[in-house]
Every structure is written in C-alpha cells, then in structure tokens.
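A.B. asks: Sharing a structure here in structure tokens format.
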Amino acid sequence: MKKRLIRHASELVTCAGKGPKRGREMAEIHSIPDGAVLLAGDTIEAVGPTKELESSVRLEECEIIEAAGKTVLPGFVDSHTHFIFGGYRADEFSWRLKGDSYMSIMERGGGINASVTATRAASLEELVARGRERLDTMLEFGVTTVEGKSGYGLDCETELRQLRAMKQLNAEHPLDIVPTFLGPHSVLPEYKGREREFLDKQLTEVLPLVKAEGLAEFADIFCEKNVFSVEDSEYYLNKAKEMGFALKIHADEMVQLGGSELAARVGAVSADHLLQASDEGIRQMAKSGVISTLLPATAFCLKEEFARGRKMIDEGCAVAIASDLNPGSCFTNSIPLLIALGCIYMHLSIEEVITALTINGAAAVGRADTVGSLEPGKKADVIFLKYPSIHFLPYHTGINLVETVIKNGKTVYQK
C-alpha cells in the first residue's frame, strides 16, 4: 500500500500531546505553516514542514494529497452524546420556548422518561439504522471519534440493546465509538423514593451483563436534584469502579449539588455539564485531573447560563467541549455551533476550543494516546478545512468548513 503525503497545508495544527492539556497549555496547538503529514496505512508516520517531509521520502512512491490553501487538523472527538435513541420530543422544545423549565417538564412525565417508551419499542435494526444516519452527519462535521451513552431504556433489555447497537455500528461505520453505560439516567416512576434500590438493580442485574459482553467502557450517572443524590451517585460510581468500569458523571447541571467535587473524589475521568459547578468544585477538578466536559449547545437550547469555561481554564482545568446530542434538551451535533458558542459566549480562544474538541476530548474518552492529535504513531485521523486558517472557524459563524475527512488513513468523506 502506498504511503499518503498530505502537503503544503497553509496551516497544519497538530495539538501534539498524549495527555490532556490543562489551563494555559490549552492555547498551545502547535501550528506549522506549509505543513505536511505522512500517513502509513492507518497510522501517522511523520509530521512537519512540507520541505522537511518531502526530503525524507521518495515522492514517486507516495500518493500526494495537496492541501494548499487549507487548514489541516486532527479529527474532532465528540466526547459526550446520546446518539442511540428512539422517538423525538419536539413538543417539549416548544414548551420550553413558552417558558416551561426542563425540570418542570421532567416532573410532569416529560424529559428522559418520555424517550424511554419509544426506545423500548425500537428494534435493534431500527436503532442501528437511526444511529448510522447520525454518525454520517457527525462525519461531515469532522468528528472521527464519538462517545455514545445508553440510558433510554432504564431496564436491562433496552439498555443492552442500545449498547449492542453501538457495538454493531462501531464494527460497520468509519467512526470509532466509545460506549458508556448510563442506566441511572433517570428514575423509573415506580422507583421514586427508592433510588438506591433502583441503583442496586442496575449494579446486580444489568452491569454484570454489560461487562460480560464487553458493551461499555464507562459507567455514568445523572447526579441532579430530583434524580440521583450525591450520596447515591457516590455509592453507584464506587461500585461500578470496583467492577472495572471507568467513571463519568453528569454533574452540577441544573443545581449546585457538589457533583464536580464528587467527580474528583471518586476519580472520574470526566465530569460533564457543570453549569452550576462551584469554585471549590472547579479547584478540585483541576487538582485531581478530572476532564471538565462542557456542553454549550445544551445550555443554549435550554436558555441557561453557560458553564464557566474561562474560569475553569484559568484555574488549571483540562476542558473538553462536546455536543450532548440527545432527543430532548439538545437535538444537535453541530460542531460549528459548539465552536461559535465556545468562542463568543464562553470566552475561549479558538486555540482553546480546538484543544477542547481534539486532544482533551480524546482524554475524556480514554483515547488521548491514540487520537486527538497529529503525531507519529497515532491514528491517521485528519480533517481538511476549506479556508487557510483556524480563525475562519469562529469568523464564518455556524458554517461547516470541513471539506475532507480521513479516518484510519482512508478518505471517508469529501465534500
């Protein structure tokens, strides 16, 4: 197989680093003018100035890919999604536009529980077909690795079916899918007031099957007022950790409960949402190395204040940004929207947003050693933008600039 040489990129952004970038490091994206990347099969062999790489290979033995006038970046990592689900909740969105709160909709039977019936009714084939369509759209936005959560079954059968759909898609689709078990996404009405009993059911009846089939790498829980308390969440996460799962937590989204502090206490890989994270929680996430995963499109759709991403970076946190694609609070996976919100409303520089969508997103799903940057030995996941500079990303507001996506060394999308 011929090596592939991408050359003469106007701006080549490497985001070099095997681990997450923290605090001020997030602005260090390691840009190379007139840059080049040499791909050998599904792996990056070399990165550097075009002149340097051209002198190190026999050009006649390479497939040449011209990138003049283009920006070349690592593939984006969407580190928090719920992309496998049945049904939609467009009516709820209209209710919110009229002033109803997310929590009030949940309390009257809407919200997460409203997606449970439709997802339970969907076959494996239906979930796979809908999931494939969503993955195709992600690919067009330059996403090459995505995290997917279960959580719309709340029972054993449907939770397993969601995860099996992801496993099948991971084998069939170019995107890499990182699966997360989110059985404690909500509380079934019959378990209201008996949340610990519901969690024990997940721990003893569902998670062992998930583990036996290798269906999930992470265990997650929705730690929120009227859902799962800090105490119950800590109990569940510690038990899941004992079973060998890495940990994630939906933390401090609507109410400041101490979810970010809990994430630091239990050694979670990431704490997600964080709209209401306290100053102390931010300090503890920075100290413990928890990835602070921010979901600005959700805050935007819910008309909530954005998470304090600027403060988190200034305090030394490693911040990731993800879409939170889901059927209720955020039915979008638009990377251009995330970039605009991150830069314009969360006060991050474009360099910091790129880091949040690449190497830090990779760290949030335990993949920073293989994806998230353009470095020798890493997966050949590369995207081309239409324009010659990263500064066009927030400037050409909300517009998808991705022209080409290379995944594992193969061109899988070209506009």
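Bear in mind these aren't lab numbers, they're just calculated from the coordinates by the rules spelled out. None of the values given here were measured: they were computed from a predicted structure. With ideal geometry, Cβ positions are generated from the backbone for all residues, glycine too; neighbour counts draw on all protein chains shown.
A.B. asks: Once both axes come from the Cα atoms, what is the angle between helix 112-121 and the longest principal axis of the chain, in degrees from 0 to 90, rounded to 10?
C.D. replies: Tilt of helix 112-121: around 80 degrees.
A.B. asks: Pull up all non-local amide H partners of GLY48: gap of 5 or more, or a different chain, and H-to-H distance under 5 Å with H placed in the peptide plane.
C.D. replies: So GLY48 has HN proximity to ALA36.
A.B. asks: Roughly what angle does helix 230-242 make with the longest principal axis of the chain, taking Cα atoms, 0 to 90 degrees, to the nearest 10?
C.D. replies: Compared with the principal axis, the helix lies near 60 degrees.
A.B. asks: Now for a separate question. In straight Cα distance, which lysines are under 16 Å from LYS311, not counting same-chain residues fewer than 8 positions off?
C.D. replies: LYS21, LYS287
A.B. asks: Using θ = phi - 60° and the Karplus curve 6.51 cos²θ - 1.76 cosθ + 1.60, what whole-Hz ³J(HN,Hα) does each residue of the range 23-33 get, with Gly and Pro shown as x?
C.D. replies: In residue order, the calculated couplings are x, 5, 4, 5, 7, 8, 9, 6, 8, 10, x Hz.
A.B. asks: What per residue convex hull volume, in Å³, do the alpha-carbon atoms of the range 320-415 yield?
C.D. replies: Once divided by residue count, the hull of the range 320-415 is 116 Å³.
A.B. asks: Through the Karplus equation 6.51 cos²θ - 1.76 cosθ + 1.60, θ set to phi - 60°, convert the phi angles of the range 70-87 into ³J(HN,Hα) values in whole Hz; use x for Gly and Pro.
C.D. replies: Using θ = phi - 60°, the values come out as 10, 9, 10, 9, x, x, 6, 10, 8, 8, 7, 9, 10, 7, 9, 7, x, x Hz.
A.B. asks: With the Cα gyration tensor of the range 217-296 in hand, give its eigenvalues times 5 under a square root as the equivalent ellipsoid semi-axes, listed largest first in whole angstrom.
C.D. replies: 17, 14, 11
A.B. asks: Identify the trypsin sites (Lys or Arg not before Pro) of the range 107-186 meeting these criteria: DSSP loop state and at most 11 other C-beta atoms within 10 Å of the C-beta.
C.D. replies: Passing both the DSSP loop test and the Cβ count: ARG108.
A.B. asks: Follow-up question, since we're still on this one. When ASP252, ASP42, ASP272 are ordered from fewest to most other Cβ atoms inside 10 Å of their Cβ, what list results?
C.D. replies: Ascending Cβ contact count within 10 Å gives the list ASP42, ASP252, ASP272.
A.B. asks: Averaged across orientations, what area in nm² does the convex hull of the alpha carbons in the chain project?
C.D. replies: It is 18.5 nm².
A.B. asks: Another one. Using the Cβ atoms and a cut-off under 15 Å, what net charge is assigned to the surroundings of ASN400, where Lys and Arg are +1 and Asp and Glu are -1?
C.D. replies: -1
A.B. asks: Can you bin the range 44-98 into rounded, prolate or oblate? Criterion: square roots of the alpha carbon gyration tensor eigenvalues sorted a ≥ b ≥ c, rounded for a/c under 1.5, prolate for a/b above b/c, oblate for the rest.
C.D. replies: It comes out prolate by the Cα gyration axes.
A.B. asks: To two decimal places, what compactness ratio does the range 1-103 give when its Cα radius of gyration is scaled by 2.2 N^0.38 Å?
C.D. replies: 1.65
A.B. asks: Just list whichever of LYS192/LYS303; LYS167/LYS407; LYS211/LYS241 have alpha carbons separated by over 20 Å in the model shown.
C.D. replies: Listed pairs above 20 Å: LYS192/LYS303.
A.B. asks: Magnitude of the Cβ-charge dipole of the chain, K/R +1 and D/E -1, about the Cα centre, nearest 20 debye?
C.D. replies: 320 debye
A.B. asks: Right, next: Determine which lysines satisfy two conditions relative to LYS410: a Cα distance under 18 Å, and not lying fewer than 8 residues away in the same chain.
C.D. replies: Qualifying lysines at Cα under 18 Å: LYS2, LYS3, LYS378, LYS379.
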